Amino acid sequence: MEVQGRRLRIRGIVQGVGFRPFVYGLARRFGLAGTVWNDGEGVVVELEGPAEDLDRFAAALHGAAPPLARIDAVEAGTFAPRGGDVFRIAHSREGRKATMVAPDAATCADCLAELFDPADRRYRYPFINCTHCGPRFSIVIDVPYDRERTTMAAFEMCPACLDEYEDPGDRRFHAQPNACPACGPRITLAAPGSGVGADGPGGAAPSRGGSGAACTGDAALEAAVAALREGALLAIKGLGGYHLACRADDGDVVARLRRAKVRAEKPFALMVADLRHAGELVEVDAEEAKLLGGPAAPILLARRRPGAAVAAALAPRCRELGVMLAYTPLHHLLLADLDGIPLVMTSGNRSDEPIAYEDDEAEARLGPMVDLLLTHDRVIRTRVEDSVARVVSIGRRRRPMLLRRSRGYAPASIPLPVPLLRPTLGCGAERKTACAIGVDTTTWVGPHVGDLRDYDALRSYRESIARMARLFPPDPRVAARDAHPEYLSTKEAAARGEATVVVQHHHAHLAACLAEHGEVGPALGAVFDGAGYGLDGSVWGGEFLLGDLASFRRVGRLWPVRMPGGDAAVREPWRMACAWLIASGVDVSAVPKRLADLVDAARWRGVARMTHAGVRSPTTTSVGRLFDAVAALAGVRAEVSYEGQAAIELEAAIRSGSAGDGYPLPALEDAEGLLLDARPTVAAVARDADEGVDTGSIAARFHTAMTVATARACQVLARAHGVATVVLSGGVFQNVRLLEGVAARLQAAGLRVLVPSALPPNDGGIAYGQLAVAAGGGRVGAADHAGAAHRLDGGPR
């Protein structure tokens, strides 16, 4: 049979996931000779053998790839056979950087079995991993992905680990983070300020009060478990940074943690050992169990079970709990030894700061907050927070929705349906920010950073851009950014880019959802959020857009009202209640009954005067601010301590079966298009509240009104403009009641509904949306100092 030579260039997530060992085994299975190696663009395979066997290899390549691998493209070529008779794995080669670094992955079932097997040499070793699990993105220094380009380069493999690494039949064949107790990282438990680092000497267990020597290994783990049982507060080094941890069933230590984090009411995440323990706290269906137990292992928001054994202060006034499973060997050991006690496992930071990930940083920032630090000597190269997700029903399908995309997902690529002309940086927005880099049709979306108005978060954002540019294409010189002139991400674009593409905020939301589904439009988008810089200079946030990747037109909006005090109205929803009542023609001479004990009458009158006069009161169409107003009027919340709190608690207040008929929320038309008039809605809410109608009924009727009105408006606009696809995006659509209700009504009317899935509906998806607009037709212009890159009227460019 004639021997042929075939060369395959494989792109995707194919480094750090056991792909070369997989190729090796596949080639041996089909009796093929040749070589496989990594380079900066992915994996290259050269094969020699009969055409039939080469074809069988190619077919099996897709069907049996390792669980963490993702093949995006295979480019085939030929070469003259060299007469080889063996297949081998070659050393990595340098080259153009365009490969994909795999996200960090939760401990796999095989490693977990070894972890708790007394006969295994890695029994209870906190850093067990293999080609199917363990650290990836958080330890990578550069590509191609080899041990010497990771922070594991500091640990020389012992003979036993090296044998595994070099044995093609072993599960750890070419597993770059491979280690064992004899040669790998180790844990240390120390009191804050002890001066003992992760590689310090062992000794007696430190006391909870902070005295005593550090201890390592089994002694450290045993002492950490004992301290947690007794109600201690620990900082624990994980995959992408430090957590703050304590017993979730101990109200006193949870309250202490709140004081330490300066986090008054925002819910804390929980960590449990396994799905059985998760099911004791929250209701978990098949799709939620799949998400919880998958390699990404995000925090899952799920409905809490009545009587869940957690402290009341864990997630006050919330129907859901955020639960994740142990996802590192260290977490598994802690939870197993705690015999089912759930732990609070929250980001190691103070509110709004980025998560601490370097040891010195953790000592300085977290040391004063905790009793003990449980750390280790494997360096974290990239800061990566936990991802957050929930499962929603869109039609008959239950599907995941990311609310924060980070560990387990970043920096996995998301394709674009059309190519970028030049490598481009997506700068994102101001809150929930993540950057993105795009080249051709490939984008790499970085991990969640947070609110750039915090200096440390801004520094982390810049670090993230630098790290992404190092790992992927050359540093891009085109920057796509938000239209808001004062966003710090906008200023970053001006500082970095030789050219910019300016993308209106809500267009980016629309484009992101279209592009992740592989579409270019046109579509109708209902984009509801808290705020975005509008083309007219006002604050948008309740928009109906008709558009595609290249352009858009605003065809509908929420009734505009004043936003008294600007950002102060975000922190104090009662201000929006006052503004909406004035817009609705309701008497505001006195504080409404349910706010009377919460708002000073003199301040209320001052805000009323400010609103009437339009002083420091920009106009807004924000649906987020409408939810705030209704929450305040219904007595849910007059002030907030975290973003979205009033709307979250308003949704949680809904009493099952209490909706009845929704409030009136008519649609009007004016010269600019359809106008959702929520003035009668707010007036009815105020009337019900004054008459003593319970909060649950008010919340239910308001959600029904918003659902019915939004769906009806989408149907009218889609029919008028001849489109059959509707996009639902923006942070307000994190509201499950609204999202599922609108989607069901639109699908029943024969419309196709797209919602974000690979990226969050909130501003975490903006950077990708900016790249989608740039690819779809965003005209590149001179740097910002010379003017905007394209027209901001949403028209053709």
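Values quoted throughout were computed directly from the atomic coordinates according to the rules given, and no laboratory measurement underlies them. For clarity, every value in this text was computed on a predicted model and none was experimentally measured. Here Cβ is always computed from backbone atoms with ideal geometry, including for glycine, and neighbour counts include all displayed protein chains.
If one takes the longest principal axis of the Cα atoms in the chain, at what angle in degrees, from 0 to 90 and to the nearest 10, does the Cα axis of helix 251-261 lie? Value to nearest ten degrees: 90. Once both labels are positioned 7 Å from their Cα atoms along Cα-to-Cβ, the gap between Asp670 and Leu275 label points is 5.3 nm. What you get for the range 496-548, charging only the Cβ of Lys and Arg (+1) and of Asp and Glu (-1), is a dipole of about 100 debye around the Cα centre.
The distance between label points at Ala494 and Arg56 comes to 6.4 nm (points 7 Å beyond Cα on the Cα→Cβ vector). Kindly express, to the nearest 10 degrees and within the range 0 to 90, the angle between helix 19-29's C-alpha long axis and the longest C-alpha principal axis of the chain. With both axes taken from Cα atoms, the answer is about 50 degrees. Determine the shape class of the range 543-589: with a ≥ b ≥ c the square roots of the Cα gyration tensor eigenvalues, call it rounded for a/c under 1.5, and otherwise prolate if a/b is greater than b/c, oblate otherwise. Note, shape of the range 543-589 comes out oblate. Between helix 736-748 and the chain there is an angle of about 90 degrees, using the helix long axis and the longest principal axis of the Cα atoms.
Compared with the direct C-alpha span, the chain from Glu222 to Ala590 gains 126.4 nm at full extension, assuming 0.36 nm per residue. About the centre of its Cα atoms, the range 215-360 shows a dipole size close to 600 debye [charges on the beta carbon of Lys, Arg (+1) and Asp, Glu (-1) only; nearest 20 debye]. Straight-distance candidates among the lysines for linking to Lys491, with alpha-carbon spacing under 25 Å and chain neighbours fewer than 8 residues away dropped: Lys432.
Within the range 1-86, the GluC sites (Glu not before Pro) that combine a DSSP coil assignment with at most 15 other C-beta atoms in a 10 angstrom radius are Glu2.
Farthest towards the positive end of the charge dipole of the range 431-574, among the residues Gly530, Val520, Gly566, is the Cα of Gly566, using unit charges on the Cβ of Lys, Arg, Asp and Glu. Cysteines of the chain lacking any other cysteine Cβ under 4.7 Å from their own Cβ: Cys111, Cys130, Cys161, Cys180, Cys215, Cys246, Cys318, Cys427, Cys435, Cys513, Cys578, Cys714.
Modelled spin-label separation between Arg399 and Glu265, with each label point placed 7 Å from Cα along the Cα-to-Cβ direction: 3.3 nm. The order of the peptides 737-743, 267-273, 80-86 by mean Cβ neighbours within 10 Å, most packed first, is 267-273, 737-743, 80-86.
Working note: 222 nm ellipticity from helices only, DSSP H runs with n ≥ 4, each -39,500 (n - 2.57), summed and divided by the residues of the chain, gives -9000 deg cm²/dmol to the nearest 500. Sparsely packed loop sites in the range 98-187 (the chymotrypsin sites (Phe, Trp or Tyr not before Pro) outside DSSP H, G, I, E and B with at most 15 other Cβ atoms within 10 Å) comprise Phe116, Tyr123.
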